[in-house]
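K.L.:
Before anything else, here's the structure in question.
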Amino acid sequence: MNSDYGPDSKLDQASFAAIADLAYRESGLQLVAEKTSMIQSRLRHRLRALGISTFEAYCRFILSESGTSERRMMISALTTNVSHFFRENHHFEILKSTIIPLVLPKVRAGGPLRIWSAGCSNGQEACSIAMVLLNSIPDAESLNIRVLATDIDPRVIEFAQAGEYSKKLVSGIQPDWLNKYFHEYSAKGELAYRTKPEIRKMITYRELNLLSAWPMKQMIDVIFCRNVVIYFDSRTQQTLWPRFNKVLTKEGYLFLGHSERIVDVDRMGFTNDGPTTYRPWSHGGSANISS
């Protein structure tokens, strides 16, 4: 590969079209021409890392057989990973006040409770879920309760698995919970926080493309898929809603982000149960899902 990387290389129209087409096919990510400068900026470091001098050459590489692994890195560079603890807190209130009391008898009897953070970013959402569970059910570690946290970006999965956050990143956590569920330590002279073992044990992190096969073997009680589908076009969204419906229990919940809605909710098998909160009124039935 050419090591003469040009820091001023421009994303030409043909290269943009090729990248946009590949991003859509690989991940459902919809890129618009108005974001060309942003896409150019985000991908330049990939050209630098590979020693490729032009976007035209980069496109040839990612479309080749040898560029398969780079496609994952490209999608990672293009996706936005913005999150914080207890973001859109009303969903966590529903989890605490409605869902946990609803499912607790089943769990106490030995049944499973499964919660999926789909598009978990740096792990703040999954950790927030685990904190609510542990605070409401002190012996949750001894029960059949698990949180599955997935994201398309392998870098954020690695970050989330470490469970280490700067002081700025934990600003959304109330002080008593911060003391209860995190260890304080010093990182390069700055205060930082690491999730305690009981939080980490409850969460399983996995890299997952929502458009690919899903690994679920059991039905899911609650799905948090917030501020993810906003990047998909309506056709892609409409393929996801029935798949979410299929893995949810009959009493399950689906939470979306504040700017996201299920269009034609009844036809998709859901009913609206409050702001960005949905419940299935029908579903496809299979707990073992691969598509």
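The values are calculated or read from the model by the stated rules, or taken from the named source; none is laboratory data. In this text, all values refer to a predicted model and were calculated from it rather than measured experimentally. Neighbour counts run over all protein chains shown; Cβ positions are idealised from the backbone, glycine included.
K.L.:
Taking Arg44 as the residue in question, decide whether it is among the basic types (Lys, Arg) and within 20 Å of Leu211 (Cα to Cα). Please lay out each step first, then the result.
P.N.:
On the way: among the basic types (Lys, Arg): yes; within 20 Å of Leu211 (Cα to Cα): no.
When the stated conditions are applied, Arg44 does not pass them.
K.L.:
Would you confirm, using the coordinates I've provided, whether Tyr278 is farther than 27 Å from Glu93 by Cα, assigned to a strand (DSSP E or B) and out of contact with any Cys (no Cβ under 7 Å at 6 or more places or on another chain)? Talk me through it step by step, then tell me what you get.
P.N.:
On the way: farther than 27 Å from Glu93 by Cα: no; assigned to a strand (DSSP E or B): yes; out of contact with any Cys (no Cβ under 7 Å at 6 or more places or on another chain): yes.
So Tyr278 fails the test.
K.L.:
Could you tell me whether the stretch 105-128 includes any residue that is of a type outside the set (A, V, I, L, M, F, W, C), under 16 Å from Tyr278 (Cα atoms) and more than 19 Å from the chain's Cα centre (by Cα)? First the steps, then the outcome.
P.N.:
Within the stretch 105-128, the first condition is being of a type outside the set (A, V, I, L, M, F, W, C), and the residues that meet it are 105-106, 108, 110-112, 114, 117, 119, 121-125, 128.
Adding the requirement that they be under 16 Å from Tyr278 (Cα atoms) leaves 117.
Imposing the further condition that a residue be more than 19 Å from the chain's Cα centre (by Cα) reduces the set to none.
For the stretch 105-128, residues of a type outside the set (A, V, I, L, M, F, W, C), under 16 Å from Tyr278 (Cα atoms) and more than 19 Å from the chain's Cα centre (by Cα): absent.
K.L.:
Being among the hydrophobic types (A, V, I, L, M, F, W, C), crowded, with 19+ Cβ neighbours inside 10 Å and in a helix (DSSP H, G or I) is the filter here, so list the residues in the stretch 76-93 that pass it. Can you show your working first?
P.N.:
Here is the first cut: in the stretch 76-93, the ones among the hydrophobic types (A, V, I, L, M, F, W, C) are 77-78, 82, 85-86, 92.
If we keep only those that are crowded, with 19+ Cβ neighbours inside 10 Å as well, we get 78, 85-86, 92.
Across the stretch 76-93, the qualifying residues are Leu78, Phe92.
K.L.:
Pro105 passes all but one of (1) without any contact (Cβ under 8 Å) to a residue 12 or more places away in the chain; (2) farther than 24 Å from Val247 by Cα; which number fails?
P.N.:
Every condition holds for Pro105 apart from (2).
K.L.:
Identify all residues within the stretch 232-275 that are part of a strand (DSSP E or B) and either surrounded by fewer than 20 Cβ atoms within 10 Å (Cβ to Cβ) or over 16 Å from the mean Cα position of the chain (by Cα) (or both); write none if there are none. Walk me through how you get there before you give the answer.
P.N.:
Keep residues of the stretch 232-275 that are part of a strand (DSSP E or B), which gives 248-256, 270-272.
Answer for the stretch 232-275, where residues must be part of a strand (DSSP E or B) and either surrounded by fewer than 20 Cβ atoms within 10 Å (Cβ to Cβ) or over 16 Å from the mean Cα position of the chain (by Cα) (or both): Leu248, Thr249, Lys250, Glu251, Gly252, Tyr253, Phe270, Thr271, Asn272.
K.L.:
Here are the criteria: (1) over 24 Å from Thr239 (Cβ atoms); (2) part of a helix (DSSP H, G or I). Tell me which single one Asp21 does not satisfy.
P.N.:
(1)
K.L.:
Give the number of residues within the stretch 219-272 that are among the small types (Gly, Ala, Ser) and over 18 Å from Ile129 (Cα atoms).
P.N.:
Applying the first criterion (among the small types (Gly, Ala, Ser)) to the stretch 219-272 yields 234, 252, 257, 259, 269.
From what is left, the residues that are over 18 Å from Ile129 (Cα atoms) are 234, 259, 269.
The number of residues fulfilling the criteria is 3.
K.L.:
Next question. Tell me the residue from Asp176, Asp221 that is buried (at least 21 other Cβ atoms within 10 Å of the Cβ), of a type in the set (Asp, Glu), over 21 Å from Ile75 (Cβ atoms) and modelled with pLDDT of 95 or more, please.
P.N.:
Working: Asp176 fails: buried (at least 21 other Cβ atoms within 10 Å of the Cβ).
The match here is Asp221.
K.L.:
With the requirement that a residue be surrounded by 14 or more Cβ atoms within 10 Å (Cβ to Cβ) and more than 17 Å from Ser37 (Cβ to Cβ), what does the stretch 49-62 give you? Talk me through it step by step, then tell me what you get.
P.N.:
Initial filter on the stretch 49-62 (surrounded by 14 or more Cβ atoms within 10 Å (Cβ to Cβ)): 50, 52-62.
Scanning the stretch 49-62 gives Leu50, Ile52, Ser53, Glu56, Ala57, Cys59, Arg60, Phe61, Ile62.
K.L.:
Could you tell me which numbered condition Ser83 fails, if it satisfies all but one of (1) closer than 21 Å to Leu208 by Cα; (2) over 13 Å from the mean Cα position of the chain (by Cα); (3) polar (S, T, N, Q); (4) outside the structural domain of Arg200 (by TED's automatic domain parsing)?
P.N.:
(2)
K.L.:
Do we find that Gly172 is of a type in the set (Gly, Ala, Ser) and either touching a helix residue (DSSP H, G or I) at 6+ places or on another chain (Cβ under 9 Å) or touching a residue at least 60 places away in the same chain (Cβ under 8 Å) (or both) in this structure?
P.N.:
Details: of a type in the set (Gly, Ala, Ser): yes; either touching a helix residue (DSSP H, G or I) at 6+ places or on another chain (Cβ under 9 Å) or touching a residue at least 60 places away in the same chain (Cβ under 8 Å) (or both): yes.
Criteria met by Gly172.
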